[in-house]
Each structure stands twice: as C-alpha cells, then as structure tokens.
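Trainee: Sharing a structure below in structure tokens format, with a few things to ask.
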Amino acid sequence: MKRRDLLYPVLLVFLISGCTLIKTDLTDPLNSTSTQSTRVRSSEKNYPNEHSAENTTAADIDMNSSAAAQTDMDAALRDGQNGDGSEMVAAQQHTENFEKNILGMENDPFREQKIQTDLDEALELCQVSQDFWQKGELENALEALDRAYALILSVDTNDQPKLIQQKEDLRFTISKRILEIYASRNIVINGSHNAIPVVINQHVQAEIKRFTTGSERQFFIAAYRRSGRYRARIVSALEKAGLPKELSWLPLIESGYKVKALSRSRALGLWQFIPSTGYKFSLNRDKFIDERMDPEKSTQAAIEYLKELHQIFGDWSTVLAAYNCGEGRVLKVIRNQNINYLDNFWDLYERLPRETARYVPRFLATVHIINNLEQYGFDEISVDPPLQYESVTLNRQIHLRSVARAIGIDEKILEELNPELRYRILPAENYQLKIPPGSADVLLAKVDQIPVSHPPQRAFVYHRVRHGETLSVIARRYRTSVKRIMRANNLRRSNFIVAGKLIKIPRRGYIYTAPSIPPKKKNGRPITHIVRKGDSLYIIAKQYGTTTSKIQQLNNLSSSTLYKGQVLTIFPGKSTPPPVNGLSTYEVKPGDSPFLIAKRHKMALQRLLYLNQLYPGSKIYPGQKLFIE
C-alpha cells in the first residue's frame, strides 16, 4: 500500500480523538472549574501577597465569598438538571445565599470603615503638605499631596453620598493646593505681613502726577477727607490681624471711602466686593440689608481675603493685583508665562489687564503721597472726625425716619451710621442699630410706639420672550426704554435675546395689583379698568359698550397696544339688553365654550354672544345659564 493511502485514516483518527476531548470538557464543567480553582489556589501558595492577613482588604474577602457562592450555585443548578425536584429546591436556596452575600458586600461595615480611614489619611496628608509649604519645603509638600491624591483615587465610594462628597471635597482641596504651590514657586517673596515695599518707578510717578496736579486731584482730596470717618477702625483691625497698616488706604483707590460706591461690575462698598466674593467671606445680602456696605463687616471680610491671597502669592504687589481682578486671572497669567522665574510684580505688570496693571501703581502712589503730604501741599487738609456711635439690638421692622423722630435727631445721621440698610428699614429680628451715644435709653422707651414699616414692592415685572420679539418691541409694549431693560438684566447687546427666557421689565413706582372683581359699570361717570391677560381694545370696548377710538382718545393712546396691569379710564356707554322673551336656556357643562354651544344649537356665534351680553374672550363656567334660540 502506498503512504498516501495511509494519510486519510490517520487524519480521521486525530479528528475523532479531538472531538472526544471537547465533548468531555463541555459535559463536565465542574471538573474544569475545580481544576482552574485548584490552579489558582496553588499559585496563591507559591506567590503569597506582600501584605499580611491583617492587611487583607474587605474587597478581597467579598470577592472570594462571592466566587464560592457562585460555584455552589452552579453545582446546585447542575444537580437539579440531572435529579429530582428536591435538588431544584437546593439550587434555589443556593441562589438566595448568593444574593445575601452580594448585599453583604454593599453594606459591609468593615469596608465602609476602611474607606473612611483612607479619606481621613488623605486629609491628614493635606495638612502635612500645608506645614511643609509654610516651611518653604515645596518638594515635600507636593509629594504629600501626590500621596493624598493616590489614596482618594484608590477609594471606591460605592454610591454612598456622604463618602462621595468627602472624596470630591478632598479632590478639590488637593488640586487647589497644587496650583498654589506651583504659583508660589514662580514668585519671589518680597516682604511679609509687616512690610509693603513702596517702589517709585515711571508707572507710579504717572499716578502721583494725576493725584497731585492732574485730573484726579479733587478726587484725591475729597477721598482723603472722608478717610477720617473710617480709617481709625480699619487700622485697628489690620494691626489685630497682623497686616500692614498701609492697607488701610486701599479703600481710597477702591471706592474713594464711599460706603455706597457701586462699580460697573456690580462691586459695592468701601472694599468693592462683588456678590459672589461677599458671600464667600460671610457678607450677607437680603431684602433689608447688604453687608458689603457695612464698614466694619466688609473690613473684616477684606482682611480675610487679603490674608488668603498673601498665602497664595507671598508678594504684596501681586496680592493687590489679585484683589482687583481675582486670583484666577493672575494665576492664569503666571501659568502661561514663557520664563520659569518672575523676579517681582513688575515682570508680571505688562501681562495684566490695563485696569489691574494701574491698580498697584495707584496704591503705591497713594501711600507715597500720604507719607509726604507737605511735599505735595496736602498737609493743611483736615480729615473728617471718626464716627461715634453705640449699638442697640432691636426686633421691630421700623423706618429710620421714625427712629430719628423718636430720639430727636436728623435722619441723615442714622443713615450715615447704618449704610447697610437697603431701604432704611430695619429687619424684623435681632438687628444691631447704630445710634449716637446716649440715645439708647430714649429709643428703647419709645420703640413699641414706633409704627411698623414695609419695604417697597419690586419696581419691575417679568416678561417671557416670544419668537420674533426684540427689545425695542418689548420696550414699546411696556412703555420703557431699551437701555433700562438692558441694565435690569445685565445685557451687553441689545440685538440678542433668547426666546423663552424670562426678563425683568423695569417699571416706574409701584406695581399695582389688579382686583379680582371687575368694577361695575357706572353710566355717565368714568370708571377704571385694569388690563388683564388676553385683553384688547376691541374686547374692552365691547365689554363697556363703547368704541376703541373713544378709549384711545380718553387715555392718550397712540396705538392699540396694551400691556398687562395698565390702567384705563373709560366712559361706559348706555347699552339696552336684547329681548330674551320666549328663548330657551342652556346650562353650561364642563368643557363647553361659546363656539361649541353655538355650533350645537345651530346659532351664529355673534348672536349667542349678543343675547347673553358676552364678548369675544369672555369666560363661561359650568352651571352658568345661557339664552339660546
């Protein structure tokens, strides 16, 4: 026989043996599973874990228990397929045990305690990093933050809100500290809490010239006079906080020592806080008060802000720049620099916005002029005396005008002592009212007799923008101007509004609330009508038996456009009711409308409205009786 004839039988034998092996593996999964688990156990014996049994995590324990439960369940299911019904019951019990093991994994107190321990350790590393940073050991500080970040990355919070919040707070803290450390590596620390270096260069000289002989001389003189009212208390607070007293001249640049100064960016008060920064440093703002205008509270907030900025930058000139435009803007400029080192603030000067770049030279010019008043002819200017007052706690919502009458002083004195009151009305609970010394006993004796006062209503209404509307169309509708609408909504462009958005429409005076019951007709005498939603001149004219032209002429209307809340004066006409003798009546049912009723009884809609003294847009109610033909 030839060798070629033996090839085909040999190949056939190999194929048959291979199929037999495959069938054996498929029909006996238990053996294969146990073989694999045996291999895993043997590998674990040969390669033990680096940590001891005490350091074994709860996740490993849960994984082994779940794997064992899964193996038991598979075995029970296999036995149930080859046996009777009792074996199926056993499989069901194994399934229930498996589910209990899974629930135990989610609510394992040991695992939650391990996660909390890791988060606490990460927080402790953040504090260690802060200590290293204050000592100037920046590399050790960064290393501690890296270890803390690695810890929180390894934590699985397992959808537990409390732990998730802790993890996110730590992530934010670590990111902020890293940014601060890298920023401080690029800045030379010039001066400490006790020194502000006054540099005189061409930029500072230009500001000195403006303040002494230029266009801002009168502004400087007026602000310097007003400084006497508040500066003594500001200096005391700065010295108590360990900050240089030269910072007490910062309000001269910020606000000219005007407690109600308001900038284009909505910054308010002596220290010019915007609302978000004010909230960050506990300056409250509500319907009655705005503590950004409180000299004492805003000074404390400014001190906290300046201390925080000094911890970030270390250089007072850079701190002042960050106070003006925000630390984020300054850090961005530092981060985008093309060199690895900034000698001082003046290397940063050219990269800052113009307003911020001028801010620091203006402050340095102010400090220089104050230290040399005689040289610039300001030595004979007398400053205002400091404000003297005592505080009394009141729990009554009263107006400053009423308080001034009760204690016999001018209302302007109380307004100057309490500038944070937005409407000169005290809040109803626990307000510390500042009054001239010696007036507390008189006020407390008469406070119960002072009438309660209420703040004015909001002088604007809301309007939802519809498709095709522009600000000019909306302004004409509400009889206001485009600029007032833009100012009320902080809009920068008048040609861009979004359909569906609510915008505020400023109104003059108070908003008049329309009465729920419409006024009755009075023939021969004028009555007033409050325009409601859905009204038009035609509908109102039909309602009062007059014409649209008479209403326009009487109210000086140049067009037929009305707005909600508008007050119209109307002379109602004498209308004779239609004869209804012999007509049937119909009781209105839920879902009815004049159109459906007219169609059901084969009447013209205008005829139905005429017979029942209705007009287009009138509302009908279930149970109402209508005349029909």
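The values are calculated or read from the model by the stated rules, or taken from the named source; none is laboratory data. Since the structure is predicted, the reported quantities are computational estimates derived from the model, not experimental observations. Here the Cβ is made from the backbone with ideal geometry for all residues, glycine too, and neighbour counts use every protein chain on show. Please note that ligands, DNA and RNA were not included when accessible areas were found on the heavy atoms of the full protein model with its side chains. Shrake-Rupley method; radii C 1.70, N 1.55, O 1.52, S 1.80 Å.
Trainee: Could you tell me whether any residue of region 429-447 is acidic (Asp, Glu) and within 27 Å of the chain's Cα centre (by Cα)?
Mentor: Yes, region 429-447 contains at least one residue that is acidic (Asp, Glu) and within 27 Å of the chain's Cα centre (by Cα).
Trainee: Let me ask another. Within region 512-529, is even one residue assigned to a helix (DSSP H, G or I) and either over 30 Å from Arg285 (Cβ atoms) or at pLDDT 85 or above (or both)?
Mentor: Looking for residues that are assigned to a helix (DSSP H, G or I) and either over 30 Å from Arg285 (Cβ atoms) or at pLDDT 85 or above (or both), one finds none in region 512-529, hence no.
Trainee: Continuing with this model, one more query. Quick check: anything in region 126-139 buried (at least 18 other Cβ atoms within 10 Å of the Cβ), over 31 Å from the mean Cα position of the chain (by Cα) and closer than 17 Å to Phe313 by Cα?
Mentor: Yes, that holds for at least one residue.
Trainee: Further, regarding this structure: Cβ-Cβ distance below 6 Å, separation of 6 or more or different chains: which pairs start in region 596-612 with a residue that is in contact (Cβ under 8 Å) with a residue 12 or more places away in the chain and end on one that is not in a helix (DSSP H, G or I)?
Mentor: Listed pairs, sorted by first residue: His601/Ile628; Met603/Glu629; Tyr610/Pro578; Leu611/Pro578; Leu611/Phe627; Asn612/Leu626; Asn612/Phe627.
Trainee: Let me ask something additional. Output the number of residues of region 433-447 satisfying the condition of being in contact (Cβ under 8 Å) with a residue 40 or more places away in the chain and not in a loop (DSSP other than H, G, I, E, B).
Mentor: Summing the residues that are in contact (Cβ under 8 Å) with a residue 40 or more places away in the chain and not in a loop (DSSP other than H, G, I, E, B) in region 433-447 gives 8.
Trainee: Also, I was wondering about something else. Can you tell me how many residues within region 462-479 are open to solvent by 30 Å² or more (accessible area, probe 1.4 Å) and in a loop (DSSP other than H, G, I, E, B)?
Mentor: Going through region 462-479 one residue at a time, the tally reaches 6.
Trainee: Only one of Ser382, Ser391, Ser439 is farther than 22 Å from Gly278 by Cα, of a type in the set (Gly, Ala, Ser) and in contact with a helix residue (DSSP H, G or I) (Cβ under 7 Å, 6 or more places away or on another chain); which?
Mentor: Just one listed residue meets the conditions, Ser439.
Trainee: A further question on this structure: Yes or no: Glu121 closer than 17 Å to Leu170 by Cβ, modelled with pLDDT of 85 or more and either open to solvent by less than 50 Å² (accessible area, probe 1.4 Å) or out of contact with any Gly (no Cβ under 8 Å at 6 or more places or on another chain) (or both)?
Mentor: yes
Trainee: State yes or no: is Arg422 surrounded by fewer than 18 Cβ atoms within 10 Å (Cβ to Cβ) and either at pLDDT 90 or above or acidic (Asp, Glu) (or both)?
Mentor: yes
Conditions tested, residue by residue: (1) of a type in the set (Lys, Arg); (2) in contact (Cβ under 8 Å) with a residue 40 or more places away in the chain; (3) open to solvent by 10 Å² or more (accessible area, probe 1.4 Å); (4) closer than 30 Å to Ile181 by Cβ.
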position	(1), (2), (3), (4)
Val235	no, no, yes, no
Trp249	no, yes, yes, no
Ser263	no, no, yes, no
Ile303	no, yes, no, yes
Gly328	no, no, yes, yes
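Trainee: Taking Arg225 as the residue in question, decide whether it is of a type in the set (D, E, K, R), surrounded by fewer than 17 Cβ atoms within 10 Å (Cβ to Cβ) and modelled with pLDDT under 80.
Mentor: Answer is no for this residue.
Trainee: Where residues in region 237-247 are more than 16 Å from Pro295 (Cα to Cα) and in contact (Cβ under 8 Å) with a residue 24 or more places away in the chain, which of them is most open to solvent (accessible area, probe 1.4 Å)?
Mentor: Looking at residues that are more than 16 Å from Pro295 (Cα to Cα) and in contact (Cβ under 8 Å) with a residue 24 or more places away in the chain, I get Glu246.
Trainee: To continue, here is another question. So which residues in region 291-301 are under 13 Å from Val235 (Cα atoms) and either open to solvent by less than 10 Å² (accessible area, probe 1.4 Å) or within 22 Å of the chain's Cα centre (by Cα) (or both), if there are any at all?
Mentor: Result: Thr299, single match.
Trainee: Now, a different point. Could you list, in sequence order, the residues of region 546-564 that are surrounded by fewer than 17 Cβ atoms within 10 Å (Cβ to Cβ) and within 27 Å of Leu611 (Cα to Cα)?
Mentor: Once the filter is applied, which keeps residues that are surrounded by fewer than 17 Cβ atoms within 10 Å (Cβ to Cβ) and within 27 Å of Leu611 (Cα to Cα), region 546-564 yields Thr547, Thr548, Ser549, Lys550.
Trainee: OK, next. Test each condition in (1) among the charged types (D, E, K, R); (2) modelled with pLDDT of 80 or more; (3) loosely packed, with under 13 Cβ neighbours inside 10 Å for Lys619 and report the one that comes out false.
Mentor: With (1) among the charged types (D, E, K, R); (2) modelled with pLDDT of 80 or more; (3) loosely packed, with under 13 Cβ neighbours inside 10 Å applied to Lys619, the lone miss is (2).
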